[in-house]
Each structure stands twice: as structure tokens, then as C-alpha cells.
């Protein structure tokens, strides 16, 4: 991982990238989809559909227009309530991220969160862990027309921060998130919290795989 010019901004996905919580999301979705809505999906099927906005997930499984917008919003909030209730006692940053954020902030490198989560979920993490002051931009599901793998989330982060896409490095954990970064022409570092390296074999923008933020390879970013 070598940069001619050092990055001017770091863009973070949230779930699975800053906190290791994706299994809790999968369990909550399995409860909603199978117990409440009788979708009859395997756990592997649920995990495979977990990308993009909550409404987009429901559209993929049940078809657009199956639920009213009001019902989609109700299901979305209920899913997040179940996730938050189960995960709250485990809520903490991925190892090394606290020190990493402090170092980046001290160097005046800009940071943003670009997530497919709704604000209800993003606020749950940022406020409980007191992280909000680190980020110059927060782009949620409500701030974009189409979520990842569409590049809009990360491009909007860069625009708000006032940096070029080529000056950003994205941190992601999911293939569709890496694809969104690739579509935005941004290099990406992958956190292997939920997926193996092999799941990212088709993407050309991955510059490193790390288990957590203590990995010495990250020192090359500065």
C-alpha cells in the first residue's frame, strides 16, 4: 500500500467496520423476515440480502410496492429496536479504532461516515460512544436516493468534506460497500469482520485487508 500523495480524508462505513455487530443485524432481520413476515429464508439468505437501505432489502425479498411506505418504516424501526436491544451491552469500537481516530484527528485528516443505516441506528452508535466530534460529514440512508453499491453515499461524503474522490480512502467490511467505493473511484481497506478475503476477489480497489485497526499496515496511510 503506497500513496504518492497521502489521503486527505477517510470515509468509514459504520456497521461491521467501526463496530463488530453484523451478526446482531442478521439475527434481527431473520426475526423480522421469518418470524413476523413468514419469508421462509435461511440464515445464509438473510445475510446475503443485508446491504443497502432497509426498504431496498424489503423490496428485494417481497417486491417493490408489497408494503406501504409507512409499513416499511415501521418494520425498519422495529428491526433496529431489536438489534439495539440485543447489541447494546456489547457496543464498543473495533480494537484499535479509538487510537486511530485520535491520531487521524490530531493530523487534521478529514473523516466522514457513509452508511446505509438509518439515522436512528447511526445515532445509537455515535451518541453512546461519544464519537460525533470526529466526523465532518455523516451520510445515512436518508441522505441518498440509492444506497450502496451505488457510489452516491461516498461521493456525497467527499463533497461535504470538500475533497476529491481520489483523495479519499474508504474503510468497509462488505462486498457491496467495496463495490460502492470502486464505483466512486476510491481505494478501499477491508475489515474482515463478516467476510473472508475471497469474497472481495473481483474488486480492484482493495488495497489492504485488516482484522482491526491495530494492523501495522495502516501506518502507511500517514
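The values are calculated or read from the model by the stated rules, or taken from the named source; none is laboratory data. As the structure is a prediction and not an experimental result, all values here were calculated from the model. Virtual Cβ from ideal backbone geometry, glycine too; neighbours counted across all protein chains shown.
Condition check for residue 146 on (1) over 24 Å from residue 195 (Cβ atoms); (2) surrounded by fewer than 19 Cβ atoms within 10 Å (Cβ to Cβ); (3) touching a helix residue (DSSP H, G or I) at 6+ places or on another chain (Cβ under 8 Å): one failure, at (1). With respect to the conditions (1) surrounded by fewer than 19 Cβ atoms within 10 Å (Cβ to Cβ); (2) closer than 19 Å to residue 147 by Cα, residue 90 lacks only one, and its number is (2).
Between residues in the stretch 35-57 that are touching a residue at least 12 places away in the same chain (Cβ under 8 Å) and on the phi > 0 side of the Ramachandran plot and residues that are surrounded by fewer than 12 Cβ atoms within 10 Å (Cβ to Cβ) and part of a helix (DSSP H, G or I), which pairs lie under 8 Å by C-beta distance while being six or more apart or on different chains? Once the first residue is touching a residue at least 12 places away in the same chain (Cβ under 8 Å) and on the phi > 0 side of the Ramachandran plot and sits in the stretch 35-57, no partner that is surrounded by fewer than 12 Cβ atoms within 10 Å (Cβ to Cβ) and part of a helix (DSSP H, G or I) comes close enough. Take the stretch 105-124 and flag every residue that is in contact with a strand residue (DSSP E or B) (Cβ under 6 Å, 6 or more places away or on another chain) and over 16 Å from residue 177 (Cβ atoms). If the condition is that a residue be in contact with a strand residue (DSSP E or B) (Cβ under 6 Å, 6 or more places away or on another chain) and over 16 Å from residue 177 (Cβ atoms), then 110, 111 are the ones that fit. Taking the stretch 193-204 as the range and being within 16 Å of residue 51 (Cα to Cα) and touching a strand residue (DSSP E or B) at 6+ places or on another chain (Cβ under 7 Å) as the test, only 200 passes. Considering 218, 155, 161, the condition of being surrounded by 16 or more Cβ atoms within 10 Å (Cβ to Cβ), farther than 17 Å from residue 18 by Cα and either over 17 Å from the mean Cα position of the chain (by Cα) or in the same structural domain as residue 26 (by TED's automatic domain parsing) (or both) is satisfied by 161 alone. Comparison of 64, 9 shows that the only residue that is more than 15 Å from the chain's Cα centre (by Cα), within 24 Å of residue 149 (Cβ to Cβ) and in contact (Cβ under 8 Å) with a residue 40 or more places away in the chain is 9. If you go through the stretch 141-179, how many residues are out of contact with any strand residue (DSSP E or B) (no Cβ under 8 Å at 6 or more places or on another chain) and within 19 Å of residue 52 (Cα to Cα)? Summing the residues that are out of contact with any strand residue (DSSP E or B) (no Cβ under 8 Å at 6 or more places or on another chain) and within 19 Å of residue 52 (Cα to Cα) in the stretch 141-179 gives 17. For the condition touching a strand residue (DSSP E or B) at 6+ places or on another chain (Cβ under 7 Å), surrounded by fewer than 19 Cβ atoms within 10 Å (Cβ to Cβ) and at pLDDT 95 or above, residue 189 does not qualify. Screening residue 83 with (1) out of contact with any strand residue (DSSP E or B) (no Cβ under 7 Å at 6 or more places or on another chain); (2) within 19 Å of residue 173 (Cβ to Cβ); (3) in the same structural domain as residue 15 (by TED's automatic domain parsing) gives one miss only, at (3).
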